[in-house]
Amino acid sequence: MACCAALALLLGLVRGTWFRVFPGRRPAEPGFAPPARRSADGTTPAAPATTGRRRTARPAIAGSLLLGTAYGAAAYALAIAVLRATPVVRTLDGPWAARDVALVVLAVAALVAGLSRRGPASRPALLLGAGAAWTELGLVDMHLLGLFELRVAALPLDLLLHGSGPLLLVLAARRLTLSRPTTEASPT
Amino acid sequence: MTAVASRPDQGTTVLLPTDVPLLPPATRRSFLRTLASYAVLWLAGALPVALDAGDRTQALGLGLALPGGGLFHAGHPVWGATALAAVVLAVFAWWAAGPTVLPPVVWLLTAVLPAATLDDPAGSAQAAVAVLAVVPVLTVLAAAGHAVRHASQRGRGAALNRRLAEVRFPVTGAPSYPMDFPVVEHTDEDLRRLRAALDLALQPVEDFEGFTHLDQFREGALRYQLNALGYGLSMAQFTRTPAFRGYLAEAQRNTIDKVLQRRVWGYWALENAWGNLRRDKDPVPMGGNVMLTGFYGLQVGMYSLLNDERYFRPGSLTFRWDEDEAWPYDLPALAGNVRANVRESRFGLYPCEPNWIYTICNTFGLNTVLASEQLAASGEAGDVQERLRRSYESEFLRPDGRIVGVRSSHLGLSWNFWASPSVQLATTYWLHPGLPDLAHRTWWLIRDGWLRVEDGRVRTPRSIVSRLDPGSYKVGSDTFTLAVTAMAAREIGDEETARAAEATIAERPVEQRYGTERVADASGLANSYLNLGRFGRRSGLRDLVAFGPPREWRDGPVLDEAAYPDVLVARAVSDGAALDLVLAPGAGPLRTRIGLAQLHPGASYDVRGAREATVTADSQGRAALEVDLGGRTEVRISPAA
């Protein structure tokens, strides 16, 4: 069971992070089922007729974009910090302090602005924001400010670093094109 | 609360085996194979170093001898540690979901990538020797540690045996009718808990509202929730309402039919592919998946013993993948699969997830065989029982009596913490029908050193292990452990501990809705196991699974139709000729009809407690009565004088 516990903790952490990023995906807490009914002869009485439809709340696109930008910037900052501690990356001289401050300001501002918008999160918009932030920050750090360079396997790692942002953008675009109407049946 | 049966006990002394070897035979074979396989990898690392092959070849070889070895050797300890962590994580994923290919693939990648991409993969000779020494040294240390622990456990086992020699375990034999088949009445609280389970089970087969939806691989999977839900309903029928079919039997059938949904069992196609490298999706395979066949077989078996034999018809349990692919089974076929797997396995026990053998899962396999045997004798149940007994007493037992919870069939390895008391608790309960003496001994060991009862409350250790709810993977509450404690204690006959566990749980908050009730902040799995303990009785599972209900219950008059939740059935029992019912309104006072079945066709019956004073069975042995339900109402139908 200790291994179960370790697995449970790991799953809990992953799920917690996932639902912070995509709060609209959090499933309802399990518990009670709808009340069942059976007539005396064992048949199921007809369900009450559906009398109306309601429109679900529209997702907050702008808020989700900002949140995605904040998450993308934070993930990028963390990834680069880890990479710099390894032999893969060579750190170069440059305006690191200004860059760090700007990065924190960007992430915090986007987070605060994103959280202040009401409404369920839009997953494509989150992906869009995160992908854009990741791509732009990578290009600025490496090719505009020249803050670091890749020491080993430069081409594949460069593609991986800069390509993951556009990959998120493609995923976001795909999900946007697959969006469905937001009406659903409402029980009486 | 269920009354404790008063059958005479067969006092039995059960000592721990004194000859448990350091490595039992099947385990030793797997372990030696593992060592031989690693020796090949080690040579692949040592030879390039010894022959002074190129730097990249040495990096590759050292990466094969130790995950991250090439990186450590080249002076990149952070990357080396990352590579090592990746392989450990892959092993973890292998254990969690069975992808056997993952650890070797990750290991290979951590060897190949650095060798191919490092600008300067060279390292010193001393570093190479250090990398090559790590696994052999750790292996020797682990073996020495195991030998020391084993010797210490043998000492503890000998001391325990001196005390066990003085203990006579009250193992119950075949029950006698009627004295060993007590039928008690549901309390109001029982009925509220039962209604929560009925609502879950009676929703349309394709609906899963109120269930936990996490993953379909581990303990939070839908199949385990459905199994536990079915067990609880069956146990309620066995100890409270054996003569009631109606919506209670339908609810059990629904849980059985839900398991046949592809979303419940389809995980096996994936596990079989990445764990056994087989494309076969059949969920009743040779060599594994006892976590489905064993658990499900017992669920179907309990229903069949109490109600009817519809699941003995060929194809009655058909696992359908799509329009083209389906695998038709029935209960005897599931039991036959378990028997064949036990015979074929060199461990006796066989795997759940590919490669991973769990002792708890195999108790369900044995129970499936026993339940099926009551209705369709194969004559092989005794052989299965003996093979499993040998295995539980050698390959999966420590000398101090702790059951080893899991073992890798490929590697022979286990983890010590998988011998934790939580594993012992559940195993005690599910082992009782087939190997009651071992279950009693295990319970005695739990009560001797782990579980404390103080002031009428159970105190579980404040460890993470006892505070895990495997139905939701949440840590922090010991409700699940207490549920299993109540189940095991009641089944074994330790009513004091069972009541203490229930009293401890009773202090937890509950949720109520629509006349139903469940323990709050506990998973659906935990709530179903709470029901199983609540509705259990001494040797309840053993009497049902290993011996079956009395013929009078199966063939006598039954209440076959009642409206839900208008008519709650608190007690229903037949003596083979008469039928006694205790009914209660579930949705306010009403006049309602109830349907009876299995009466003697054309026979007249006297009726008490209904609007009719007499009733005559039709040619099918059926009849209907009208009942005014204003509160608790007793109804008796007996052959006319």
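Read-outs throughout are calculated quantities, based only on the coordinates presented, and are distinct from any laboratory measurement. Remember, it's a predicted structure, so these values are computed and weren't measured experimentally. Note that each Cβ is placed from the backbone with ideal geometry, even for glycine, and that neighbours are counted across all protein chains shown.
Spacing of the modelled spin labels on A:His162 and B:Val510, each 7 Å from Cα toward Cβ, amounts to 6.5 nm. Computed from the C-beta positions of B:Leu22 and B:Val78 and an R0 of 35 Å, the FRET efficiency is 0.35 to the nearest 0.05.
Distance between the modelled labels on B:Thr187 and A:Arg151, one decimal in nanometres: 7.0 nm (7 Å Cα→Cβ projection).
Magnitude of the charge dipole for the stretch B:172-547, about its Cα centre and with charges confined to Cβ atoms of Lys, Arg (+1) and Asp, Glu (-1), is about 580 debye. Evaluated over the Cα positions of the stretch B:25-154, the convex hull gives a direction-averaged projected area, one quarter of its surface, of 9.0 nm².
One equal scatterer on each Cα of the stretch B:387-532, no solvent, Debye formula: the resulting log10 I(q)/I(0) at q = 0.09, 0.10, 0.15 Å⁻¹ is -0.29, -0.36, -0.78. The peptide list B:560-569, B:496-505, B:179-188, put in order of mean Cβ contacts within 10 Å with the highest first, becomes B:560-569, B:496-505, B:179-188. The three principal axes of the C-alpha atoms in chain B carry coordinate ranges of 101, 62, 48 Å, sorted with the longest axis first. Computing FRET efficiency as 1/(1 + (r/R0)^6) for A:Val101 and B:Asp120, where r is the C-beta to C-beta distance and R0 is 45 Å, gives about 0.80.
For the protein assembly as shown, what is the convex hull (Cα atoms) projected area averaged across all directions, in square nanometres?
Averaged projected hull area, Cα only: 40.5 nm².
Other protein chain C-beta atoms within 10 Å of residue C-beta, averaged over B:459-471: 3. Simple spin-label estimate for B:Ala587 and A:Arg84 gives 6.7 nm between the two label positions (7 Å along the Cα-to-Cβ direction from each Cα).
Averaged over the residues of peptide B:560-566, the number of Cβ atoms from other protein chains lying within 10 Å of each residue's Cβ is 5. For the stretch B:29-34, 3J(HN,Hα) computed residue by residue from phi via the Karplus equation (6.51, -1.76, 1.60; θ = phi - 60°) reads 4, 5, 5, 5, 5, 4 Hz, glycine and proline entered as x. With the cut-off at under 15 Å, measuring from each backbone N in the stretch B:544-573 to a point 7 Å along the Cα-to-Cβ line of B:Arg636 picks out B:572-573. Charging the Cβ of each Asp and Glu at -1 and of each Lys and Arg at +1, and nothing else, the dipole of the stretch B:416-564 about its Cα centre rounds to 380 debye. Can you give the FRET efficiency for B:Ala36 and B:Arg278, using 1/(1 + (r/R0)^6), R0 = 35 Å, r = Cβ-Cβ distance, to the nearest 0.05? The formula returns an efficiency of 0.90 here. Highest mean first, the peptides B:200-208, B:35-43 sorted by other C-beta atoms within 10 Å per residue fall in the order B:200-208, B:35-43.
Expressed as a fraction of 2.2 N^0.38 Å, the C-alpha radius of gyration for the stretch A:61-177 is 1.10.
3J(HN,Hα) along the stretch B:386-400: 5, 4, 5, 4, 4, 5, 4, 8, 10, 5, 10, 9, 7, x, 8 Hz, from the Karplus curve 6.51 cos²θ - 1.76 cosθ + 1.60 with θ = phi - 60°, whole Hz, x for Gly and Pro.
A cut-off of 5 Å between modelled amide H atoms, ignoring neighbours fewer than 5 places along the same chain, links B:Gly401 with no other residue. Under 37 °C and 0.692 mPa s, how fast does the stretch B:172-547 diffuse according to Stokes-Einstein, given a Kirkwood radius computed over C-alpha pairs? Answer in µm²/s, whole number. Estimated diffusion coefficient is 160 µm²/s. Averaged over peptide B:588-596, the number of partner chain Cβ atoms lying within 10 Å of each residue's Cβ comes to 1. Only DSSP H runs of four or more residues enter the estimate; each adds -39500 (n - 2.57), and after division by the residues of chain B the mean residue ellipticity at 222 nm equals -15500 deg cm²/dmol. Derived scalar couplings between HN and Hα for the stretch B:78-92 equal 5, 5, x, 5, 5, 4, 4, 5, 5, 5, 4, 4, 5, 5, 4 Hz in order, rounded to whole Hz, by the Karplus curve 6.51 cos²θ - 1.76 cosθ + 1.60 (θ = phi - 60°), x for Gly and Pro.
What's the ranking of B:439-448, B:621-630 by average number of surrounding C-beta atoms within 10 Å, highest first? Show your work: numbers first, answer last.
Details: B:439-448: 21.8, B:621-630: 16.9.
Listed from highest to lowest mean packing, they are B:439-448, B:621-630.
Between B:Ala570 and B:Val582, B:Leu583, B:Ala584, the built amide H atoms are under 5 Å apart, and every one of these is 5 or more places off in sequence or on another chain. Between amide H atoms placed 1.01 Å from N, distances below 5 Å from B:Leu629 occur with B:Leu590, B:Arg591, B:Thr592, all of them 5 or more places distant or on a separate chain.
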